[in-house]
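**Q** Below you'll find the structure I mean.
What follows is calculated from the coordinates using simple rules that are stated; it is not laboratory data. Just so you know, these numbers come straight off a predicted model, no measurement behind them. A quick note on method: Cβ atoms are made from the backbone with ideal geometry, for glycine too, and the neighbour counts reach across all protein chains shown.
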2 protein chains.
Amino acid sequence: MKEFLRTKGFKMTPQRELIFRSFFELEEHVSVDELYDKVRHLDRSIGYSTVWRNLKLICKVGLAEEVNLGDGITRYDRVTKIPHGHLFCLSCKKLEEFPVEQLVGILARTANENGFSPENFKIEIQGFCKDCQNDSSNVVESGEDNE
Amino acid sequence: MKEFLRTKGFKMTPQRELIFRSFFELEEHVSVDELYDKVRHLDRSIGYSTVWRNLKLICKVGLAEEVNLGDGITRYDRVTKIPHGHLFCLSCKKLEEFPVEQLVGILARTANENGFSPENFKIEIQGFCKDCQNDSSNVVESGEDNE
DNA sequence: GTTGAAAATGAAAGTCGTTTTCATTTAGGC
DNA sequence: GCCTAAATGAAAACGACTTTCATTTTCAAC
């Protein structure tokens, strides 16, 4: 890892190592806050911006990418071999993955038909997971609490 | 329209009428800022929050929904009969639509297989539109300008 | 091992789209 | 016309994200 970064012109530091390791140990998608919390357990002196910058760095060197679900929180998703979509639980915010090779094929064709050169695809299903389907708090109706 | 809102417990005001009309006249997806600009040309006294609240209201009564492309700007998409995905140009931010009935069928099945009760689907292709593909500024590489 | 420039860090402040507050005005059922 | 709930506009608050800045650290070159 240190070598890998060196070749890209970045230096290794104890903080960076901790942040990288923590990120890759977590299999789930994390937000800056979540990773910050985890890292703080191991080193209370690490700053929020350091975590943020390193998460950005991980993306920059191609090892992760940002995921935006529309709830205002940016999550970081390790780049894996297989393209995948997201199942996002509107109640507990749990994020699961599912394979999408077939769909990506269809989408690539669609893009080309529209003169688009695609950079990436986002396929997302929002709904309620098994655990949250029975919670009364998840009833979706016209009037919730705003206004 | 006035009747429609009345039955839902909302009142009609000149500002509201103007905002609703302006929103539905625009075929494209708009952000609060964009609609605010448009509306201000017709009534300089309308406040930003009024536009924002009415856009939220339009969503609340089911006539539009928020679209989040991950660029930090929430756009509002008129709810149409046909489910559609989005083609988002990373360069000029243009947003086009394409039909997705087939994909939604596949996704609904996927959701069920995972114990999810789906509320809605997001299908997005990010890339460069015909017009922007040749711009040199769109070259996607590891190092752009940050750091 | 020392040195020095470039990079990294942490704290704090800044940014910016979104949301809320609050005093005032308005709509619309009575 | 009256009255209450809803709506408005200005301004402030919010919150996630990003930048700034003074200081520290890394590491390649001596």
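**Q** Once amide H atoms are placed 1.01 Å from N in the peptide plane, what residues at a sequence separation of 5 or more from residue A:76, or on another chain, have their amide H within under 5 Å of its amide H?
**A** Amide H neighbours of residue A:76, under 5 Å, 5+ apart: A:30, A:31, A:67.
**Q** Of chain B, which part is the longest with no trypsin sites (Lys or Arg not before Pro) in a loop (DSSP not H, G, I, E, B) and with at most 11 other C-beta atoms within 10 angstrom?
**A** Segment B:82-147 is the longest.
**Q** Do the sum for the protein assembly as shown: with -39,500 (n - 2.57) for every DSSP H run of n ≥ 4, divided by all residues, what is the mean residue ellipticity at 222 nm, to the nearest 500 deg cm²/dmol?
**A** -11500 deg cm²/dmol
**Q** Under a cut-off of 28 Å between alpha-carbon atoms, report the lysines in cross-link reach of residue B:60, not counting same-chain residues fewer than 8 places apart.
**A** Within the straight-line limit of under 28 Å, residue B:60 reaches these lysines: A:93, A:94, A:122, A:130, B:2, B:8, B:11, B:38, B:81, B:93, B:94, B:122.
**Q** Mean separation of Cα pairs under 8 Å and 6+ residues apart, divided by the residue count of the range A:1-132: what relative contact order is that in percent? Write down the numbers at each step before the final one.
**A** Details: 134 pairs, mean separation 23.9, N = 132.
Computed over the range A:1-132, the figure is 18 percent.
**Q** In addition: At what distance in nm do the modelled label points of residue B:40 and residue A:133 sit from each other, each positioned 7 Å from its Cα along Cα→Cβ?
**A** It works out to 4.8 nm between the two label points.
**Q** Follow-up. Give me A:7, B:74, A:110 sorted ascending by neighbouring Cβ count inside 10 Å, so fewest comes first.
**A** So the ranking, lowest neighbour count to highest, is A:7, B:74, A:110.
**Q** Moving on. Run through the DSSP bridge list for chain B and note the antiparallel percent, rounded to the nearest 5.
**A** Restricted to chain B, the bridges split so that about 75 percent are antiparallel.
**Q** Here is a follow-up. Starting from the Cα gyration tensor of the range A:28-135, take the square roots of the eigenvalues, sort them a ≥ b ≥ c, and report rounded, prolate or oblate (rounded when a/c is under 1.5, otherwise prolate if a/b is larger than b/c, else oblate).
**A** Taking the square roots of the gyration eigenvalues as a ≥ b ≥ c, the range A:28-135 is oblate.
**Q** How many angstrom lie between the Cα centre of the range A:7-27 and the Cα centre of the range A:97-127?
**A** Using only Cα atoms, the two centres lie 31 Å from each other.
**Q** With a Förster radius of 25 Å, plug the Cβ-Cβ distance of residue A:106 and residue B:79 into 1/(1 + (r/R0)^6) and report the FRET value to the nearest 0.05.
**A** About 0.60, to the nearest 0.05.
**Q** Hey, got the average number of other protein chain Cβ atoms within 10 angstrom for residues in A:125-132?
**A** 6
**Q** Separate question: When DSSP beta bridges are limited to those with both residues in the protein assembly as shown, what percentage is antiparallel, rounded to the nearest 5?
**A** Working: 35 of 43 bridges.
Of those bridges, close to 80 percent are antiparallel.
**Q** Test of understanding: in a Gaussian network model of chain B with alpha carbons linked when under 10 Å, which of B:59, B:132, B:89 would top the mean-square fluctuation ranking?
**A** B:132
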